[in-house]
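Okay, so here's the structure we're looking at.
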Protein chains: 4
Amino acid sequence: MRETIARIRKFRDDRDWRRFHNPKDLAASISIEAAELLELFQWLGAEQSTRFAAENRERVSEEIADVAIYLIELCDITGIDLEQAIDDKLEKNGRKYPLK
Amino acid sequence: MRETIARIRKFRDDRDWRRFHNPKDLAASISIEAAELLELFQWLGAEQSTRFAAENRERVSEEIADVAIYLIELCDITGIDLEQAIDDKLEKNGRKYPLK
Amino acid sequence: MRETIARIRKFRDDRDWRRFHNPKDLAASISIEAAELLELFQWLGAEQSTRFAAENRERVSEEIADVAIYLIELCDITGIDLEQAIDDKLEKNGRKYPLK
Amino acid sequence: MRETIARIRKFRDDRDWRRFHNPKDLAASISIEAAELLELFQWLGAEQSTRFAAENRERVSEEIADVAIYLIELCDITGIDLEQAIDDKLEKNGRKYPLK
């Protein structure tokens with residue numbers, strides 16, 4: 001993931017886009033891209049969405065990437081380590097939903 | 001990232017939650033969590049959101065993780081490699097926004 | 001509002017689209033359209049968004065309408081009276097945020 | 001609708017909340033509330049969501065109202081007439097999806 005993060009950062013800095021980035025606008029951007037991902041499945045049932053994703057992997061993949069890129073850019077400007085954030089949240093979720 | 005993905009998968013499978021997962025509902029879940037992240041900054045300006053994130057790192061980190069976990073679970077059931085998806089999208093974005 | 005609701009219903013029924021409508025997909029559609037509305041202001045500050053809305057009234061108006069149409073269609077299939085729902089919520093909000 | 005709009009405006013002005021309102025933050029608020037509405041149906045299929053809405057009318061009604069209140073507040077500060085906006089959009093949609 002480290003190299004992917006470095007590529008995202010380089011893409012942003014090559015275009016001098018860092019100055020547009022702040023937590024609020026990146027969070028809004030994540031929501032906007034998440035809605036575009038959801039739009040792919042707007043009128044489909046669960047099973048249909050599975051078929052659609054299998055037959056349209058590139059479109060699904062692109063929308064997932066758009067969400068992920070903004071998410072990683074938000075981590076970058078806030079100094080949050082994404083893998084650590086996930087690990088911490090899984091641990092917290094584990095206390096909320098303990099195994100029997 | 002591979003270990004983080006493995007931990008997410010184990011968390012899901014330990015609770016037998018895989019059967020609830022399909023692309024549509026996971027995409028909806030990503031949107032729902034993205035909105036909770038945005039809610040942290042609902043009435044703040046850009047600079048205020050920077051301060052808020054610095055002073056509330058744990059809350060921001062948790063909301064980011066919630067989006068990321070569903071995003072990774074969507075990748076898992078669709079067989080999409082997240083890092084590859086990001087790399088492909090960066091390349092496509094590079095053709096759309098070429099460097100001068 | 002009664003006439004507007006009747007026009008929305010007629011538009012839907014003339015195209016035989018009622019059969020696609022269910023609460024979940026309409027709620028997803030509301031989210032999707034709300035994100036398109038937000039996208040108009042994605043990288044703007046509060047004051048800039050005021051100027052943008054003044055200079056692009058038609059675009060803002062169209063995105064607002066898209067959210068409203070799905071919202072009214074959701075009310076229609078669930079038998080919820082929108083004005084009553086708003087009145088009830090304002091009363092509840094009034095108890096939550098009482099005047100001094 | 002005129003009376004409902006007047007009540008929303010009075011509620012806002014009684015609390016001196018007008019100063020917080022701008023198109024961007026209200027659009028973000030609409031997205032946030034739309035996601036809370038969607039959350040009610042997060043893991044349900046279409047038919048289950050119909051049953052859920054019938055059995056939980058008050059919760060659905062409240063979330064619909066939250067979206068509608070922000071939408072009407074956005075119309076208020078931008079000087080957009082909601083019913084006119086809907087009528088105009090239906091006409092445009094009619095050209096896009098003509099009857100045979």
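Computed from point charges on the beta carbon alone (+1 for Lys and Arg, -1 for Asp and Glu), the dipole magnitude for chain B about its Cα centre is near 360 Debye. Restricting the calculation to alpha carbons of the protein assembly as shown gives Rg and Dmax of 21.1, 60 angstrom. Along segment D:38-49 the Karplus relation, 6.51 cos²θ - 1.76 cosθ + 1.60 evaluated at θ = phi - 60°, assigns HN-Hα couplings of 4, 4, 4, 10, 3, 10, 9, x, 4, 5, 4, 5 Hz to successive residues, with x for each Gly and Pro.
Other protein chain C-beta atoms within 10 Å of residue C-beta, averaged over B:43-56: 5.
How many Cβ atoms of partner chains, on average, are near each residue of C:86-96 if near means within 10 Å of its Cβ?
Values: counts 12, 5, 4, 10, 7, 2, 3, 6, 3, 0, 0.
Per-residue shielding by partner chains comes out at 5.
Inter-copy label distances at B:Leu99, using a point 7 Å along Cα-to-Cβ, come to 4.8, 5.8, 6.1 nm with the shortest given first. Charge dipole of segment D:1-56 (Cα centre as origin; +1 on each Lys and Arg Cβ, -1 on each Asp and Glu Cβ, all else neutral): 440 debye, rounded to the nearest 20.
Across segment A:1-22, the residues whose backbone nitrogen lies under 12 Å from the label position 7 Å along the beta-carbon direction of C:Gln48 are A:19-22.
Over all other residues within a Cβ to Cβ distance under 14 Å of A:Asp13, the charged ones net out to +3, with Lys and Arg as +1 and Asp and Glu as -1. Annotation: the residues A:Leu44, B:Leu82, A:Leu26, sorted from fewest to most other C-beta atoms within 10 Å of their own C-beta, follow the order A:Leu44, B:Leu82, A:Leu26. Within the straight-line cut-off of under 20 Å between alpha carbons, the lysines reachable from B:Lys10 are A:Lys89, A:Lys92, A:Lys96, A:Lys100, sequence neighbours fewer than 8 places apart in one chain being disregarded. Across the alpha-carbon set of segment A:1-78, the Rg to Rh ratio works out to 1.06, Rh being the Kirkwood radius.
The numbers here are math on the coordinates, done by the rules we state, and not lab data. Bear in mind that the values here come from a model prediction, so they are computed numbers and not experimental data. Every residue, glycine among them, receives a Cβ derived from its backbone with ideal geometry; neighbour counts consider all protein chains shown.
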